[in-house]
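Engineer: Take this structure first; my questions come after.
Computed from the coordinates by the stated procedures, all read-outs in this text should not be read as laboratory data. Source: prediction; values computed, not measured. Cβ coordinates were reconstructed from backbone atoms using ideal geometry, including for glycine residues, and neighbour counts include every protein chain displayed.
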Amino acid sequence: MQSKFCQVKFGAFILVAGLACAGSAFAESASDSLTRIEAETLVLKAREKQLDVQASIIAKQNDIAAKQVVHDQLTQPSVAGDPVIRSIEGIGRKMFATLQMGNGTIVDAQAGDVLANGMRVVSISQSEVIVQSGKKKRTRLAAYSSTPTAFNPSYPNAGVSLPPPLPLMSPRGVAK
């Protein structure tokens with residue numbers, strides 16, 4: 001009987017040990033599964049953050065590009081024939097600009113006026129005048145600059161001619 005009891009005890013021990021091993025394997029697989037899920041969650045969160053950063057960069061690049069286009073439209077160099085700003089006057093929103101046209105005529109204009117060359121005055125501020133051509137191209141007008149012209153001997157004069165140059169003299173004072 002004792003041997004039968006030992007066999008049952010040994011059988012129960014094996015059964016308990018087997019269940020313990022199975023429980024241990026189950027616990028390990030559950031912890032492995034949780035660890036794997038946690039790692040995947042971290043990777044997904046990192047990808048989401050990366051996509052957010054990329055979207056932010058693209059939005060800022062688009063914003064910069066749009067501002068660059070507006071800046072390029074407004075800061076084009078003055079073109080011969082475009083009016084130039086002689087002065088800007090006014091208070092608040094009621095601003096007037098005195099413009100010199102390409103043919104030399106001087107006109108006073110305010111926002112909304114159409115100039116003789118077909119350009120429309122879009123806006124006038126204290127420091128700039130924006131006009132729009134018929135092609136919907138906006139231009140910031142250049143300020144008038146009275147650059148002194150360099151002496152050009154071939155430029156026709158007003159009718160006064162210079163006397164011919166004098167002959168060179170030798171060191172003794174006698175002409176050759």
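Engineer: What size of dipole, in debye to the nearest 20, comes out for the range 84-141 about its Cα centre when the only charges are +1 on Lys and Arg C-beta atoms and -1 on Asp and Glu C-beta atoms?
Structural biologist: 340
Engineer: Can you tell me the length gained on complete extension of the stretch Met101 to Asp52, counting 0.36 nm per residue apart and subtracting the Cα distance?
Structural biologist: 12.5 nm
Engineer: Further question on the same structure: How much length is gained if the chain between Ala116 and Lys136 is pulled fully straight, taking 0.36 nm per residue apart and subtracting their Cα-Cα distance, in nm to one decimal?
Structural biologist: 5.6 nm
Engineer: Separate question: Multiply the residue gap between Ala65 and Ala143 by 0.36 nm, knock off their C-alpha separation, and tell me the result in nm, one decimal place.
Structural biologist: Value of the extension gain: 25.4 nm.
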